[in-house]
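Student: Before we start, here is the structure in question, set down as structure tokens.
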Amino acid sequence: MDIDNIECVSSSDGVEDDEIHSSVAAHNHHHRKYPLKPQNISNNIAGLVQGIVPATSVHELLECPVCTNSMYPPIHQCHNGHTLCSTCKVQVHNRCPTCRQELGDIRCLALEKVAESLELPCKYYTLGCPEIFPYYSKLKHEELCNFRPYSCPYAGSDCAVNGDVPFLVSHLRDDHKVDMHTGSTFNHRYVKSNPREVTNATWMLTVFHCFGQYFCLHFEAFQLGVAPVYMAFLRFMGDEADARNYSYSLEVGGNGRKLIWEGTPRSIRDSHRKVRDSHDGLIIQRNMALFFSGGERKELKLRVTGRIWKEEQNSEAGVCIPNLCT
């Protein structure tokens, strides 16, 4: 953290610490609900491929021995019947990784047919996804599944940790030592003795808990063109559909001037860099920031205030009204 001094005051607004509500996966007409318990999965597969291979082995047969991912057509095999995916076929230089025989261009059509007959649960079923899909539709769903883990939203590092929201909140608090605050209003003061230094200057991440949800407030410096700028923006710890239920405002000023930003928080499904590079937040040019700081314009002293509110649907008028929770 490239910080000289930070003061943070989070004013409580009486919002109770409700539990986080999980997002409900979007329905798709190409799949159906999976009512079976995990231990019954193999029994379901057995009925579909009875007489071909034991049910417990079907998924293993469709797993590439090189990359361990599920195989999709074209599935290749050597003369001895060992299979692997088309991507790995190139990587092993056309040699079977099991018996070292030359692979040639033999397709395993039987295994491709078996795959077509299968219906399998989403790989995130242990995280709550109840859906079941035809084998060849499953992969596309898993790329967008609402139950897939979130990446750590901490900026300025290559943190590879992922998990659900409660896990990431604990991870941010315990491993990244991020400040945690309860309430929907905030008041930060950022002080930096040399505002011209912006290299790797991700300054601060603060997590706020309000309306039963978690939000990440980012404030940082980065180079935009030839001049450094300062930017503050909010991210929602959840999916985009839920993020649209909330709005936030940011304000910075001094010497009788101020800048105000209002927007919708971005989901942490969008990377920190993606949000920053889209300029979706309060951007303060360096000269303006130094003007706000006062003095001899040699030291940065910015006070950023803001609030978060929930947009509530007015069923009679059909419009959203802000719930400021004051």
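Student: Among Ile283, Ile268, rank each residue by its count of other Cβ atoms within 10 Å, from fewest to most, as a rough exposure measure. Show your work: numbers first, answer last.
Tutor: Details: Ile283 17, Ile268 24.
Ascending number of Cβ neighbours within 10 Å: Ile283, Ile268.
Student: Can I ask one more? Please name which of Gly294, Thr264, Tyr190 has its Cα lying farthest along the dipole of segment 171-307 towards the positive end, using unit charges on Cβ (Lys, Arg +1; Asp, Glu -1) and the Cα centre as origin.
Tutor: About the Cα centre, the residue reaching furthest to the positive side is Gly294.
Student: Which of Ile284, Ile260 has the fewest other C-beta atoms within 10 Å, and how do the rest follow up to the most? Spell out each step's value before the answer.
Tutor: On the way: Ile284 24, Ile260 12.
If I rank by nearby Cβ atoms, fewest first, I get Ile260, Ile284.
Student: While we're here: For labels at Glu311 and Glu299 in the simple 7 Å Cα→Cβ model, what's the distance in nm?
Tutor: 4.2 nm
Student: Still on this structure, please answer the following. Cα gyration tensor of segment 212-298, axes a ≥ b ≥ c as square roots of the eigenvalues: rounded (a/c below 1.5), prolate (a/b > b/c) or oblate?
Tutor: Details: a/c = 3.06, a/b = 1.81, b/c = 1.69.
Note, shape of segment 212-298 comes out prolate.
Student: With each label point set 7 Å from Cα along the Cα-Cβ vector, what nm distance links Asp105 and Glu262?
Tutor: 6.3 nm
Student: Then there is this: Compute the FRET efficiency between Val90 and Asp179 as 1/(1 + (r/R0)^6), taking r as their Cβ-Cβ distance and R0 = 45 Å, and round to the nearest 0.05. Walk me through the intermediate numbers first.
Tutor: Details: r = 48 Å, r/R0 = 1.07.
Taking R0 as 45 Å, the efficiency between Val90 and Asp179 is 0.40.
Student: Can you put Leu84, Leu144, Leu259 in order, fewest other beta carbons within 10 Å first?
Tutor: Values: Leu84 24, Leu144 12, Leu259 16.
The order, fewest Cβ neighbours first, is Leu144, Leu259, Leu84.
Student: So which lysines pass the test for Lys138, namely a Cα distance under 21 Å, with those fewer than 8 places away in the same chain ruled out?
Tutor: Lys33, Lys37, Lys113, Lys123
Student: Rounded, prolate or oblate for segment 69-110? Axes are the square roots of the Cα gyration tensor eigenvalues, ordered a ≥ b ≥ c, and the cut-off for rounded is a/c under 1.5.
Tutor: Details: a/c = 1.68, a/b = 1.20, b/c = 1.40.
Oblate shape, in that a/c is at least 1.5 and b/c is the bigger or equal ratio.
Student: Using the Kirkwood radius over Cα pairs, work out the Stokes-Einstein diffusion coefficient for segment 57-154 at 37 °C and 0.692 mPa s, in µm²/s as a whole number. Mind showing how you got there, number by number?
Tutor: Numbers: Rh = 14.7 Å.
After rounding, the answer is 223 µm²/s.
No value in this document is a laboratory result; all are computed from the given coordinates. What you are looking at is a predicted structure, and each value in this text was computed from that prediction instead of being measured. Every residue, glycine as well, gets a Cβ built from its backbone with ideal geometry; the counts of neighbours run over all protein chains shown.
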